[in-house]
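Here the structure is laid out as structure tokens; the discussion comes afterwards.
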Amino acid sequence: GAPGPNTFRRGIELHSMGRCNPVFFREFQKLVAEHDWAYIYNTVHLSTLDDYTANRKYLSDILKRTLFFEVNPAKFDGIVESKFQHEFGYRYFEGIAAGCILVGLENRNPNFEKLFPWEDVLIELPTDSEEIVPFLLNLYEQKDRLRHISRANTRGALLYHDFAYRWERTLAAAGLKPTEKLLQRREALFVEAERYA
């Protein structure tokens, strides 16, 4: 889960998982070398997973300590493979749930704003490599704005993206009413989200 609503100190400035934009990666390395930023990224890509629960816990522990989390449209570097579709994967949802500031390429999927209907859910990074480091350093100094975005992202995850909402829509599509436990969960999510308002 996310850190509490009044906790904002994050020891990892930047995290990239999976495919990383090579231009961003090169510039992120400058932040490490010149500004002592902590940057976590993949160096090995494995195709097997021995324990998914341990992996989910590890990811949660890392993300709730991460300030900026790089996200890009799925297969952004495989235009032929993606056939120019702008899809988004779990990273967006994982990042907002942890209260990270999502940074990366714009996502032009028409459903993006429907799924993430709050301001600054994704901060688009400049595509000119010379502008990336100054842009992030400037953003890094905007502590109040970052705190607001972090809280809004966690709140949005609680209000829009818990599986309780998907299950409720599934039940409704089948003509079934939500169970008492589902209603209790929805109420608990709302109460928790209000802590981030």
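Cα gyration tensor of the range 80-197, axes a ≥ b ≥ c as square roots of the eigenvalues: rounded (a/c below 1.5), prolate (a/b > b/c) or oblate?
Oblate, because a/c is 1.5 or more while a/b does not exceed b/c.
Would you mind ranking 9, 169 so that the residue whose beta carbon has the fewest other beta carbons within 10 Å leads the list?
The most exposed by this proxy come first: 9, 169.
Taking other Cβ within 10 Å of each residue's Cβ, how do 139, 146, 183 sort, fewest first?
Final ranking by Cβ density, sparse to dense: 183, 139, 146.
List the equivalent ellipsoid semi-axes of the chain in whole Å, largest first, each obtained as the square root of 5λ for an eigenvalue λ of the Cα gyration tensor.
Equivalent-ellipsoid dimensions as semi-axes: 30, 20, 17 Å.
Give me 121, 133, 103, 32 ranked fewest to most by other Cβ atoms within 10 Å of their Cβ, as a rough exposure proxy.
Fewest to most other Cβ atoms nearby, the residues stand as 32, 133, 121, 103.
At 20 °C and 1.002 mPa s, what whole-number value in µm²/s does Stokes-Einstein give for the translational diffusion of the range 1-62, with Rh from the Kirkwood sum over Cα pairs?
156 µm²/s
To the nearest 500 deg cm²/dmol, what mean residue ellipticity at 222 nm is calculated for the chain from DSSP H runs of n ≥ 4 alone, each contributing -39,500 (n - 2.57), summed and divided by the residues?
-15000 deg cm²/dmol
Taking H placed 1.01 Å from N in the peptide plane, check which residues at least 5 places from residue 68 or on another chain put their amide H under 5 Å from its amide H.
Counting only residues 5 or more places away or on other chains, the set is 14, 15, 101.
Would you mind working out the magnitude of the charge dipole of the range 12-136 relative to its Cα centre, with +1 at each Lys and Arg C-beta and -1 at each Asp and Glu C-beta, to the nearest 20 Debye?
460 debye
Each reported figure results from applying straightforward, stated rules to the coordinates on display, with no laboratory input. It should be emphasised that the depicted structure is a prediction, and the values quoted were computed from it without experimental measurement. No Cβ is skipped: glycine too gets one built from the backbone with ideal geometry, and neighbour counts run over all protein chains shown.
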